[in-house]
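The values are calculated or read from the model by the stated rules, or taken from the named source; none is laboratory data. Since the model is a prediction, treat every value here as computed from it, not as a measurement. For neighbour counting, all protein chains shown are included, and Cβ atoms are generated from backbone atoms with ideal geometry for every residue, glycine included. Just so you know, the surface numbers come from the protein's heavy atoms only, side chains and all, with ligands and any DNA or RNA stripped out. Shrake-Rupley method; radii C 1.70, N 1.55, O 1.52, S 1.80 Å.
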Amino acid sequence: MFKTKSLLIAAAMAGAVALPTASSAHHAFAAEFDSSKPLVLNGVVTKVRFVNPHSWIYIDVRNKDGSVTNWGFEFGTPSSLRASNVSRDDVHAGVPIRLAGYKAKNGGPFGYATTIVLPGGRKVQTGSAPDAPPPPVS
């Protein structure tokens, strides 16, 4: 009986130690993105990943000099995208979109997407971070 109780206590302690590590993997908007650097881009979707805790969309954006940069944008969770009526059928490779959001603090071609405009003009909220600023004008 004592051995079983000791094992249960040890298992509970191990779980308690692991819990903060798992929950700290999720980040706030301000940890990675810069609210003072809004952006609006037109591009063509190259890849979409509907994954937890954040989905990702990648778009090719033509630069002023004619070169192309592939940008990666964090989206909301798959469930928040479903709630906004966004599916893989809407955002798949080859679809042209207009995206509004904020640049990443790391300076690379990454950011946080707040809204997208799909072909036909449908505007959809894609960001779900509770501490994100309002969408820039798109």
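Accessible surface for the range 27-125, divided over its residues, is 51 Å² per residue with a 1.4 Å probe.
Using C-alpha pairs below 8 Å separated by at least 6 residues, the relative contact order for the range 27-125 is 31 percent. Find the Rg to Rh ratio for the range 27-125, where Rh is the Kirkwood radius over alpha-carbon pairs and Rg uses the same atoms. Taking Rg over the Kirkwood Rh, I get 0.94.
Using Cβ point charges alone (K and R +1, D and E -1), the dipole size of the range 27-125 about the Cα centre works out to roughly 120 debye. Take each peptide in 43-51, 60-68, count the other Cβ atoms within 10 Å of every residue, and average; sorted highest first, the result is 43-51, 60-68.
Which percent of the accessible heavy-atom area of the range 27-125 goes to carbon and sulfur, probe 1.4 angstrom? The computed percentage sits at 50.
The local environment of F50, defined by Cβ-Cβ distances under 10 Å, has a net charge of +3 under the rule Lys, Arg +1 and Asp, Glu -1.
For the range 102-119, backbone phi angles converted through the Karplus equation (6.51, -1.76, 1.60; θ = phi - 60°) give residue-by-residue couplings of 9, 6, 6, 5, 6, x, x, x, 9, x, 10, 8, 9, 8, 10, 10, 8, x Hz, Gly and Pro being listed as x.
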